[in-house]
Amino acid sequence: MTTSELIAAVATAPGRGGVGVIRLSGPKLPALTQALIGRTLTPRHAHFARFRAADGTVLDEGIALWFPGPNSFTGEDVLELQGHGSPVVLAMLLKRCIELGARHAEAGEFSKRAFLNGKLDLAQAEAVADLIDAQSEAAARSALKSLDGAFSREVHQLVDQLITLRMLVEATLDFPEEDIDFLEAADARGKLAGIAAQLQAVLATATQGRLLREGAHIVLIGQPNVGKSSLMNALAGEDVAIVTDIAGTTRDTVRELIQLDGVPVHVIDTAGLRETDDVVEKIGIERTWAAIERADLALLLLDSREGVTAHDRAILDRLPATLPVLRVFNKIDLTGEAGGEAGDLRVSAKAGLGLAALRQALLARVGWQGESDAVFIARERHLDAIRRAQGHLDSAGAAYLQIELFAEELRLAQNALSEITGAFTSDDLLGVIFSRFCIGK
Ligand code: GDP
Ligand code: ZN
């Protein structure tokens, strides 16, 4: 595919760094290279080079890498310029590339080209973005798994089985006199059940993968001094609390990100929820309530010496009725076995008591089934496609005796699954997916 335009973007993160990379992809790169560097490059070799302005002055010096298509990330000719990681130098270098005929790449445009040129399927391209955005080691590992094709292979297997079954059913349509007997003899019903069972297993794994991608959201409720900060630090433990800038969140929503056995857990602190006349604070409080609306679980932390206070009740009363609440009694090092009811979790953040049980309870309540090794990363879009495929398989089963309907439902199930890898997709969907990538990816 060579009809595209030459695109360029800074591929490294904004800000200063030791090295900054500019990536270009598309036609006319040999001419640009000649003008910028003054020589031709050997494919896949690191060349020390001086990058020059139109008047010959040196803009920067660094490494140039030349990947002629189709053996490149995008499948097109690709040039990578590794210069010094100064935003000013990179801006000059990018401007020079634009001067030489490239245009600014859109968000995700390199990955989109890789997809369109068959270098990656859609689930793999999404995994590139998910790897970059990974919020825990387990999330990163599972994104790599998807990038490597683990998810896509499961989908292909299911699609292949569906195709085989469809061929069987559609053959019957051509020979109506054989119909049901023929399908029975070929065990079409059993094959359908087998596919449905396998699809259910893929859904279970994908659900875990989505949890690794999105993370769980826990609302932390508790009076000042019950030990909320101490507990978060104790839970984060060795995995030192990682606080990142998460796209779409703002600093005025009090959030922390910790990892529980590799699952990213966003903790929304309700400490700042109080009546106020301050406009800025009000906005922050509204955001916190909005985050609470989308949470998976509330953790009510109590001082074992005091139990539930009026202040706690006031907050509990305002939580969405559907939000499950886990009551946890802290500071049991001071009270021994007293406090709380049977079944309540009892911990000491300070003395490190009861933390393993709490960790386990939290993970279970947000739907984590443990063992992240086999999990590939997944998105809501994928789960939605799997559920629609399941719906069509159910309908196919119900329509078994009406062979044309049976065949049609199998076709729809196959299409739904094919949306995951992008074999069946629309331009709109691609636009939505790739526009959320960062520039330069
Ligand atoms: P927060 O205001 O809810 O975040 O509470 P902090 O985590 O800041 O803790 C308040 C105080 O309680 C600190 O002095 C902690 O050392 C103490 N604390 C926290 N957890 C425990 C515990 O399990 N046992 C005891 N004895 N003290 C604790
Ligand atoms: Zn605190």
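Derivation of every value follows stated rules applied to the coordinates shown; laboratory data play no part. Note that this is a predicted model, so its numbers are computed, not measured. In this analysis, Cβ positions are derived from the backbone assuming ideal geometry, glycine residues included, and neighbour counts consider all displayed protein chains.
Hey, could you pull the Cα Rg and Dmax for the range 36-167, both in Å?
Cα only, the range 36-167: 19.3, 66 Å (Rg, Dmax).
At 222 nm, what value in deg cm²/dmol follows for the chain if DSSP H runs of at least 4 each add -39500 (n - 2.57) and the sum is divided by all its residues, to the nearest 500?
On the way: 16 runs with 207 residues, N = 441.
It lands at -15000 deg cm²/dmol.
Which of the lysines could a cross-linker span from K350 if the Cα-Cα distance has to be under 25 Å and same-chain partners fewer than 8 positions apart are dropped?
K228, K331
Looking at the range 31-74, what % of the alpha carbon pairs are farther apart than 12 Å? Working shown, then result.
Details: 582 of 946 pairs.
So the pairs more than 12 Å apart make up 62 percent of the total in the range 31-74.
Before anything else, pin down the relative contact order of the chain: Cα pairs under 8 Å, at least 6 apart, normalised by residue count, whole percent. Show your work: numbers first, answer last.
On the way: 756 pairs, mean separation 80.9, N = 441.
Answer for the chain is 18 percent.
Under 4 °C and 1.567 mPa s, how fast does the range 292-405 diffuse according to Stokes-Einstein, given a Kirkwood radius computed over C-alpha pairs? Answer in µm²/s, whole number.
Working: Rh = 17.9 Å.
This corresponds to a translational diffusion coefficient of 72 µm²/s.
So if the hydrodynamic radius of the range 87-161 is defined as the Kirkwood radius over C-alpha pairs, what does Stokes-Einstein give as its diffusion coefficient at 4 °C and 1.567 mPa s, in µm² per second?
Here the translational diffusion coefficient equals 89 µm²/s.
By a straight-distance test (C-alpha under 23 Å), which lysines pair with K119 as possible cross-link partners, with residues fewer than eight away in the same chain excluded?
K28, K145, K441
In the neighborhood of R113, defined by Cβ-to-Cβ distances under 13 Å, what is the net charge if each Lys or Arg adds +1 and each Asp or Glu adds -1?
Details: positive: R23, K112, K119, K441; negative: E5, E76, D77, E106, E109.
After counting each charged neighbour, the total is -1.
Give me the one-decimal Kirkwood hydrodynamic radius in Å for the chain, with the sum taken over alpha-carbon pairs. Write out the running numbers ahead of the final one.
On the way: mean 1/r = 0.0390 Å⁻¹.
Hydrodynamic radius (Kirkwood, Cα only) of the chain equals 25.6 Å.
Obtain the nm distance between the two label points defined at V308 and S426 by a simple spin-label model: each point lies 7 Å from its Cα along the Cα-to-C-beta direction.
Label-label distance for V308 and S426, simple model: 4.7 nm.
Over all Cα pairs of the range 125-209, how is the pair count split among 10 Å bins, expressed in % and running from 0 up to the last occupied bin?
Spelled out per bin, shortest first, that is 16, 34, 22, 16, 10, 2.
Using 0.36 nm per residue, how much length does the chain from D174 to E275 gain when fully extended, once their Cα-Cα distance is taken away? Please list the in-between numbers first.
Numbers: separation 101, 0.36 × 101 = 36.36 nm, distance 7.24 nm.
Once the chain is fully extended between D174 and E275, it gains 29.1 nm.
Taking 45 Å as R0, compute the FRET efficiency from the Cβ-Cβ separation of R189 and L383 and round it to 0.05. Walk me through the numbers on the way to the answer.
Values: r = 26 Å, r/R0 = 0.59.
Between R189 and L383 the formula returns 0.95.
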